[in-house]
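Inspection log for the structure reproduced underneath, given as structure tokens.
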Amino acid sequence: MNRVILVIVSMLISASTFAQIDGNYNYTIGIKGYNIVQLPKILQQTNTDDYTTMWLNSGMIKLNDNQIAFRIGGHYYYKRNLTFDNQCETCETAKGNLSDFSIKVGFEKNFNYSVIQPYFGFDIGFRATNFKGDLLAKSSSTPNVSYAANSSKNGATFSPVLGIKVNALKNLSFFAESTMDFFYAYERQETVLNDATNTRTFAKYNKLETLLNPVSVGIQFHLVGKN
């Protein structure tokens with residue numbers, strides 16, 4: 001019985017010692033391998049509740065200070081041949097290329113030093129979303145009416161973060177987190193009608209969007225041990 005108790009105590013002490021790894025390293029490099037995100041609305045897009053899957057498109061660097069880490073991160077996403085309904089399901093079809101870029105700075109706070117570490121945080125940053133393509137009318141009363149469209153959306157993001165880390169090895173951990181982006185942006189929309197005069201129209205907006213990013217999964221490498 002005494003031996004069993006001794007083994008259990010030894011395991012707990014070992015686990016506690018191993019769990020200090022984030023507090024013993026100055027820097028962390030993280031790579032997000034898999035993301036499910038909600039992208040900003042494009043033009044008068046109807047299916048704005050759809051989610052997009054991204055692979056190996058973002059990363060971060062963290063400066064560790066005990067249970068608090070200051071983080072700098074960003075992502076870049078580019079998709080060709082994006083197609084969606086514009087204005088309504090029977091109004092227009094939009095086809096083109098989309099790019100989405102962001103950079104953020106913030107912090108995260110661990111709840112404990114165990115092998116499994118829940119954490120929360122907050123990021124602020126800049127985001128730019130651009131779409132360039134064509135709009136084609138669906139209505140039979142306006143056949144072959146098409147536009148060239150160019151939309152840009154640039155602004156600030158405010159993002160609460162909730163996540164969990166699993167310290168698999170001394171210098172290695174896996175993490176999963178969820179964020180909600182409050183995106184306040186200046187948007188500029190330009191369309192050019194494909195007619196004899198190339199009729200051009202402009203529209204400008206200031207908008208606030210709430211974008212949910214339910215899952216991001218990645219890996220972190222802890223570097224430069226503290227003396």
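If you wrap the tightest convex hull around every Cα atom of region 22-139 and split its volume per residue, you get 104 Å³. Under a model in which nothing but the beta-carbon of Lys, Arg (+1) and Asp, Glu (-1) is charged, region 25-225 shows a dipole of about 480 debye around its Cα centre. For the listed residue pairs Lys62/Lys153; Lys32/Lys79; Lys62/Lys109; Lys32/Lys62, the alpha carbons are over 20 angstrom apart in Lys62/Lys153. The value given for region 47-96 is a Kirkwood hydrodynamic radius of 14.5 Å, derived from the mean inverse Cα-Cα separation. Electrostatic tally near Thr93: other residues with Cβ closer than 13 Å to its Cβ, Lys and Arg +1, Asp and Glu -1, net -2.
Past the 25 Å Cα-Cα mark, which pairs from Lys104/Lys165; Lys138/Lys207; Lys95/Lys204? Numbers along the way, then the final one.
On the way: Lys104/Lys165 20 Å; Lys138/Lys207 28 Å; Lys95/Lys204 21 Å.
Long pairs (Cα-Cα over 25 Å): Lys138/Lys207.
Each of Pro160, Val105, Ala137 was scored by the projection of its Cα onto the charge dipole of region 25-225, and the greatest displacement toward the positive side belongs to Val105; charges sit on the C-beta of Lys, Arg, Asp and Glu.
Temperature 10 °C, viscosity 1.306 mPa s: under these conditions the Stokes-Einstein estimate for region 113-209, based on its Kirkwood radius over C-alpha pairs, is 92 µm² per second. Work out, in µm²/s and without decimals, the Stokes-Einstein translational diffusion coefficient of region 25-225 at 37 °C, 0.692 mPa s, Rh from Kirkwood over C-alpha pairs. After rounding, the answer is 176 µm²/s. Full extension of the chain segment joining Val217 with Glu190 gains 6.1 nm, where the gain is 0.36 nm per residue of separation less the Cα-Cα distance.
No value in this document is a laboratory result; all are computed from the given coordinates. Note that the structure is a prediction, hence the values are computed from the model and not measured. As a convention, Cβ positions derive from the backbone with ideal geometry for all residues, glycine included, and neighbour counts pool all protein chains shown.
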